[in-house]
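Notes to accompany the following structure.
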Amino acid sequence: MNESTRYHQLLARRDQERRRIAAAGVCVKGGELPWEINPQGVMKWYMHPEIDSTAHKFLIFQTQEIRAGSRSGKQRCRSSPKASSSSISTTGRRRPC
């Protein structure tokens, strides 16, 4: 019997993930996390797919430092010439981007 079938690989991955979750933390303390400087600004990552130390790695949760007097970095979308029906709410007002 071939032990390298996709089915066996899936079972091995399941067992590996169960071991990782059993050893991972469920409480993430912000004071223990490093700040990261990236194109979005200065951020702390609490949950991310590349962080193995948390039990749940399929959510992304971060905080961003916005210094006093700086801009928030609010992202805006381009407005189209015509408002599509999906961008207008039931009250007739445009929904924010």
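Tabulated data
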| quantity | calculated |
| --- | --- |
| Pair list, Cβ < 9 Å and 6+ apart or interchain, from the stretch 11-40 residues that are at pLDDT below 95 and part of a helix (DSSP H, G or I) to residues that are surrounded by 10 or more Cβ atoms within 10 Å (Cβ to Cβ) and of a type in the set (Phe, Trp, Tyr) | Gly30/Tyr46 |
| Every residue from the stretch 39-51 that is surrounded by 11 or more Cβ atoms within 10 Å (Cβ to Cβ) and within 15 Å of the chain's Cα centre (by Cα) | Gln40, Met43, Lys44, Trp45, Tyr46, Met47, His48, Ile51 |
| Count - residues of the stretch 1-45 that are under 21 Å from Ala55 (Cβ atoms) and in contact with a Gly (Cβ under 8 Å, 6 or more places away or on another chain) | 1 |
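The values are calculated or read from the model by the stated rules, or taken from the named source; none is laboratory data. Remember, it's a predicted structure, so these values are computed and weren't measured experimentally. Glycine also receives a Cβ, built like all others from the backbone with ideal geometry; neighbour counts cover every protein chain displayed.
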